[in-house]
Amino acid sequence: MMQEKKYTPLSEISGGNATTAKLRIAIQKSGRLYDDSVKLLNECGIELRNVKDRLKTESDTFPMEVFFLRDDDIPQYVEDGVADIGIVGENVLFEKNKQATIVEKLGFGKCRLSIAIPKADVYSGIKSLDGKRIATSYPFLVQQFLNTNNIQGEVHEISGSVEIAPGIGLADVVVDLVSSGSTLFMNGLKEVETILQSQSVLIKNNKLNKEQELLLDKLLFRIKAVKKAKRNKYILMNAPNDRLKEIIALLPGMKSPTVLPLAESGWSSVHSVLNEDEFWEKIEQLKAAGAEGILVVPIEKMVM
Ligand code: ATP
Ligand code: ZN
């Protein structure tokens, strides 16, 4: 029932030795991380040549080769140096326990690895897992958790549809990835404990050469600009001149807000950048201070 998908042989994927410096990145071939991974590369100005049904492709706009793999294989490829960098969930990275360094958290693919038990069961703390049969696709992380908490449990590794295991009598408890919790709920389970919070990360091989490190710096610079832009909004508003001081004092901006006179005398247009954390609060304060016609615009890139 739970068959393992095949590990793509290295010979099919590595294109021999590169003569000019380029970065080889491993991303998920299809699945939850695929769209966000490709989108991130695109937002960094890295366009990929026709990606459909291929094992690898290149970019014409950045010295990069892209390998499409199962996410489970990505840590190994990066450890081996077949790929220089990769995008993978922390859940997979830590489960595979490979030698690779996290260079940046990417903010997508957020989920948690949680323990769930049948809804009707009573949960009285971690100790109640003692002696239980635990079904999971994350045997390494689960065993680590059990050891840390000094619990004896039988770990059964299954590679898919873990949430049906209790229903068919295969296990008492499951440890699986959760985002909304609806899959657990539909299978008559309830989440009782979180083992790991996870998101996608950019990882690198530990022995990149100098040229590759420079390319990675260039990529990271772009990723940071994209991430920063997502956390910020560009805001424009009309402000009565007699309250300009008060309004400007509310705005952080990159240096100071831009203030331009409007055609209508006595009014100015004020432009600035707001962080999402303080966004709604600031908007309310600005309105209270007399700002009108407030426009909020997404920012594509932000370079400091
Ligand atoms: P592959 O064929 O590449 O092995 P997969 O079936 O293992 O794919 P997906 O379901 O596409 O993997 O999930 C990929 C990653 O997406 C997970 O390892 C995890 O990091 C992240 N993710 C985010 N939310 C969830 C979720 N609710 N359930 C499962 N994975 C999630
Ligand atoms: Zn997988």
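Scan the range 66-93 for residues that are more than 10 Å from ligand 1 (Cβ to nearest atom) and surrounded by fewer than 21 Cβ atoms within 10 Å (Cβ to Cβ) and jot them down. Passing the criteria: GLN76, GLU79, ASP80, GLY81, VAL82.
Yes or no, residue by residue, for (1) assigned to a helix (DSSP H, G or I); (2) touching a helix residue (DSSP H, G or I) at 6+ places or on another chain (Cβ under 7 Å); (3) at pLDDT 95 or above:
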{"site": "THR61", "(1), (2), (3)": "no, no, yes"}
{"site": "PHE68", "(1), (2), (3)": "no, no, yes"}
{"site": "VAL92", "(1), (2), (3)": "yes, yes, yes"}
{"site": "LYS98", "(1), (2), (3)": "no, yes, yes"}
{"site": "LYS127", "(1), (2), (3)": "yes, no, no"}
{"site": "HIS156", "(1), (2), (3)": "no, no, yes"}
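Could you please find all residues in the range 195-205 being assigned to a strand (DSSP E or B) and out of contact with any Leu (no Cβ under 7 Å at 6 or more places or on another chain)? GLN197, the sole residue that qualifies.
Please verify whether the range 162-171 includes one or more residues that are within 16 Å of ligand 2 (Cβ to nearest atom) and of a type in the set (Asp, Glu). Among the residues of the range 162-171, at least one is within 16 Å of ligand 2 (Cβ to nearest atom) and of a type in the set (Asp, Glu), which makes the answer yes.
Criterion first (on the phi < 0 side of the Ramachandran plot, of a type in the set (Val, Ile, Thr) and touching a residue at least 60 places away in the same chain (Cβ under 8 Å)) does VAL103 satisfy it? Yes, satisfied.
For GLY160, are the conditions met, namely being more than 23 Å from ASP35 (Cα to Cα), among the small types (Gly, Ala, Ser) and at pLDDT below 95? Full working, then the answer.
Values: more than 23 Å from ASP35 (Cα to Cα): no; among the small types (Gly, Ala, Ser): yes; at pLDDT below 95: yes.
No; evaluated as a whole, the condition is false for this residue.
Of all residue pairs spaced 6 or more apart or on separate chains, those with beta-carbon atoms under 6 Å, a first member in the range 25-53 that is on the phi > 0 side of the Ramachandran plot and assigned to a loop (DSSP other than H, G, I, E, B) and a second member that is more than 16 Å from ligand 2 (Cβ to nearest atom) and modelled with pLDDT of 95 or more are GLY45/THR61. If we keep just the residues of the range 162-188 that are within 23 Å of the chain's Cα centre (by Cα) and not in a helix (DSSP H, G or I), which is nearest to LYS132 (Cα to Cα)? Going through the qualifying residues, I end up with VAL175.
Looking for something charged (D, E, K, R) and either within 14 Å of ligand 2 (Cβ to nearest atom) or outside the structural domain of ARG222 (by TED's automatic domain parsing) (or both) - is there at least one such residue anywhere in the range 153-161? Yes; the residues of the range 153-161 include at least one that is charged (D, E, K, R) and either within 14 Å of ligand 2 (Cβ to nearest atom) or outside the structural domain of ARG222 (by TED's automatic domain parsing) (or both). Among the residues of the range 284-304, the ones that are free of Cβ contacts under 8 Å to residues at least 40 places away in the same chain and surrounded by 15 or more Cβ atoms within 10 Å (Cβ to Cβ) come to 1 in all. In the range 125-140 there is no residue matching the filter, namely being under 30 Å from MET304 (Cα atoms), surrounded by 14 or more Cβ atoms within 10 Å (Cβ to Cβ) and among the basic types (Lys, Arg). If you go through the range 170-210 and pick out every residue that is surrounded by fewer than 14 Cβ atoms within 10 Å (Cβ to Cβ) and either under 19 Å from LEU23 (Cα atoms) or charged (D, E, K, R) (or both), you end up with 4.
Criterion first (touching a Gly at 6+ places or on another chain (Cβ under 8 Å), farther than 20 Å from MET64 by Cβ and either within 11 Å of ligand 1 (Cβ to nearest atom) or assigned to a helix (DSSP H, G or I) (or both)) does GLY109 satisfy it? In short, yes. Every condition in (1) part of a helix (DSSP H, G or I); (2) modelled with pLDDT under 95 holds for LEU274 except the one numbered (1).
The values are calculated or read from the model by the stated rules, or taken from the named source; none is laboratory data. Computed from a predicted model, the values in this text were never measured in an experiment. Here Cβ is always computed from backbone atoms with ideal geometry, including for glycine, and neighbour counts include all displayed protein chains.
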